[in-house]
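So the structure is just underneath, and the comments pick up after that.
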Amino acid sequence: MKLKPITPYVTDYEHSKFLYRESPINFCEDLPGNAGRESELLCVDDDIQFQEILGFGGAITQASASILCGLSFQKRENILREYFDPVEGIGYTFCRSTINSCDFSEKPYSYDDTPDDFSLKNFDISRDKKDVLPIILRAQELSAELVFFSSPWSPPAWMKTNNDMCHGGSLKAGYEQVWAEYLAKFVRAYRKEGVRLWGITLQNEENGKMGWESCFYDKDQMTAFISDYVRTVFDAEDISDTHIFYWDHNKDRIVDHAKAVFMDKSARDTISGTAFHWYVSDHFGALDAVHQLMPDKYLLATEGCLGYRKASVYDSGEKYAHDIIGDINHWANSWTDWNIVLNSDGGPDHWREEQKQFVKQYKKRKAIGEKFTDAEKEFLFRYIDEPIWKGEAPVIVDEQENEWKLSSFYYIGHFSKFVRPGARRIACSIYGVDLECSAFKNQDGSIVVVVLNKTDNDHIIFLRYHEQLAEYKIKRHSIQTYIF
């Protein structure tokens with residue numbers, strides 16, 4: 001069987017290539033005598049298929065939206081096209097937004113700040129119409145395949161034990177029903193505005209007590225919330241088609257929470273799967289364990305980012321691609337980055353401003369021997385001896401509307417542009433540990449293979465598919481996508 005040539009795309013900073021289309025690579029028959037190439041093979045087999053791929057994307061936070069809305073029309077349009085246009089851009093298809101504010105908002109806010117408004121008569125999403133919704137709706141216009149899921153960082157302060165959207169706290173006992181109704185109202189309100197809202201996660205980082213918007217659930221609390229309230233409310237509100245996810249936190253403790261949901265039939269039947277973040281190293285084996293528990297459920301990689309630091313130009317891209325390949329090869333159905341755009345100061349981020357002010361006050365109070373509250377010790381002391389955290393995004397824009405892209409933009413694009421919703425991961429293996437790879441089959445029959453080289457050395461490989469070989473040289477610190 002004669003195969004059509006491979007179309008390779010490469011990002012290689014050393015040679016100034018960014019999603020650059022190179023010359024076609026021809027296949028040849030894998031004849032006897034090629035055994036000497038065994039150590040150089042990259043084997044792909046589309047007869048063996050695994051999970052469906054929902055898509056790749058990033059988050060339209062209020063921080064990102066406010067930056068974009070403050071730009072000139074043409075600059076804003078260019079950035080949105082670069083992200084969402086499937087032909088001119090990198091074709092994002094699976095993105096995140098927030099329910100209420102998050103740390104990457106200009107300030108904390110909710111959609112109903114009226115204490116004990118159990119009827120939610122004052123519920124109003126008009127705050128999002130200023131910047132978040134216009135950006136989401138324009139992104140949808142650019143991509144017919146684009147869908148969103150949304151996540152809350154915190155209920156309104158009046159629903160929480162600490163009466164504060166920030167600094168941890170938990171949902172008050174007896175407020176489960178109104179919080180579930182609040183989430184349902186959000187889904188209906190966003191859909192009414194025309195947002196293709198595919199699903200929600202029930203709490204961002206449910207095991208965290210952060211200085212910014214946060215709300216702690218132990219695994220039994222979350223399981224009971226899912227089992228006793230969420231599905232009943234969503235069915236009553238006629239939004240039962242909404243996909244519901246729990247956890248939305250790091251992979252290291254994901255299995256314990258998955259077991260709690262798995263053991264509760266009502267909760268297990270309610271959720272569509274498990275959401276997770278990347279912040280505590282790989283833990284890819286934990287995804288295998290969750291898939292083993294619930295093989296009929298989705299696994300969503302919902303957030304990952306890096307703090308600003310001096311590094312090589314390809315550093316952020318390599319970290320992103322490593323995580324994407326690892327997650328996808330261990331059953332993730334999607335991969336979503338954090339903020340799509342930040343300013344040159346890594347914001348706006350209201351928590352970082354609070355951190356700066358606290359450090360100033362800490363130094364003054366410490367100098368006069370003043371004592372600190374337990375809350376200050378618990379939530380804030382760990383930041384005193386650390387540098388003020390500064391966020392990164394694949395696209396950074398300064399006050400003069402100068403834009404620059406980090407390598408993460410292009411490395412994500414090696415997946416998002418070519419692996420389309422509905423694709424299937426297929427069997428793929430490679431020699432040694434120097435190279436990392438993943439392979440997919442799109443619904444149109446095209447095969448997509450992504451190979452990452454993080455090493456300081458070039459490598460020669462022979463891609464083997466249906467008893468055919470194609471030779472290619474992978475430059476050091478580069479990423480390649482092969483399509484055939």
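All of the numbers you see were taken from the coordinates with simple rules; none came from a lab. Remember, predicted model here, so these are calculated numbers, not experimental data. All Cβ positions, glycine included, derive from the backbone under ideal geometry; neighbour counts span all protein chains shown.
What is the Rg over Rh value, at two decimals, for segment 179-225, using alpha-carbon atoms and the Kirkwood definition of Rh?
Checking Rg against Rh, the ratio lands at 1.05.
How do Met294, Met222 line up, fewest other C-beta atoms within 10 Å first?
Fewest to most other Cβ atoms nearby, the residues stand as Met294, Met222.
Enumerate the amide H contacts of Gly169 below 5 Å, restricted to partners 5 or more residues apart or on another chain; note that Pro and chain-start residues carry no placed amide H.
Phe216
Under 5 Å between amide H atoms, partner at least 5 residues away or on a different chain: which partners does Gly304 have, H built in plane at 1.01 Å?
Correct list: Trp338.
Quick check for me: using +1 on Lys/Arg Cβ and -1 on Asp/Glu Cβ, what's the dipole size of the chain about its Cα centre, in debye to the nearest 20?
The calculation lands at about 620 debye.
Past the 24 angstrom mark, what percentage of all C-alpha to C-alpha distances in segment 260-350 do you count?
Looking at segment 260-350, the distances longer than 24 Å represent 32 percent of pairs.
Could you tell me how many degrees, from 0 to 90 and to the nearest 10, lie between the Cα long axis of helix 350-367 and the main elongation axis, the longest principal axis, of the Cα atoms of the chain?
Between the helix axis and the principal axis of the chain, the angle is about 60 degrees.
Scan (1) 19.9; (2) 24.3; (3) 22.1 for the value of mean projected area of the Cα convex hull in nm² calculated from this model and give just the label.
The calculated read-out lines up with (2).
Between 0 and 90 degrees, rounded to the nearest ten: what's the tilt of helix 284-293 against the longest Cα principal axis of the chain?
Between helix and principal axis, roughly 80 degrees.
Work out from phi, with θ = phi - 60° and the Karplus expression 6.51 cos²θ - 1.76 cosθ + 1.60, the ³J(HN,Hα) of each residue of segment 393-399, listed in order in whole Hz, and give x for Gly and Pro.
9, x, 10, 10, 10, 9, 5
What's the longest uninterrupted piece of the chain once you rule out the trypsin sites (Lys or Arg not before Pro) that are loop residues per DSSP with at most 13 other Cβ within 10 Å?
Longest gap between qualifying sites, sites excluded: 122-308.
Starting from the Cα of Lys360, draw a straight line to each of the lysines and keep only those under 18 Å, dropping any in the same chain fewer than 8 residues away.
Lys371, Lys377, Lys390
Counting each DSSP H run of 4 or more residues in the chain as -39500 (n - 2.57), what helix-only mean residue ellipticity at 222 nm follows after dividing by all residues, to the nearest 500 deg cm²/dmol?
Computed ellipticity for the chain at 222 nm equals -8500 deg cm²/dmol.
Need the list of aspartates and glutamates near Lys366 for cross-linking: C-alpha distance under 16 angstrom, and skip anything on the same chain fewer than eight residues off.
Asp374, Glu376, Asp385
List the residues whose amide H sits under 5 Å from the amide H of Asn250, counting only those 5 or more places along or on another chain, with H placed 1.01 Å from N in the peptide plane.
The list, which skips near neighbours in sequence, is His277.
If each residue's Cβ is checked for other Cβ atoms within 10 Å, how do Val359, Val87, Val313, Val195 rank with the fewest at the top?
Val87, Val313, Val359, Val195
Placing +1 on the Cβ of each Lys and Arg and -1 on the Cβ of each Asp and Glu in the chain, which of Ile79, Phe372, Gly413 has its Cα farthest towards the positive end of the resulting dipole?
Phe372
Dividing the convex hull volume of the Cα atoms of segment 64-180 by its residue count, what figure in Å³ per residue is obtained?
113
Between helix 132-142 and the chain, what is the angle of the helix's C-alpha long axis to the longest principal axis, kept within 0 to 90° and rounded to the nearest 10?
Taking the Cα atoms of the chain, the angle to 132-142 is about 20 degrees.
Under the Karplus relation 6.51 cos²θ - 1.76 cosθ + 1.60, θ = phi - 60°, what is the ordered set of whole-Hz ³J(HN,Hα) values for segment 118-129, x standing for Gly and Pro?
Calculated HN-Hα couplings, in order: 5, 7, 6, 5, 9, 4, 7, 9, 4, 4, 6, 6 Hz.
Which lysines does Lys17 reach when only Cα atoms under 19 Å apart count, and residues fewer than 8 places away in its own chain are ignored?
Lys319, Lys405, Lys417, Lys454, Lys473, Lys475
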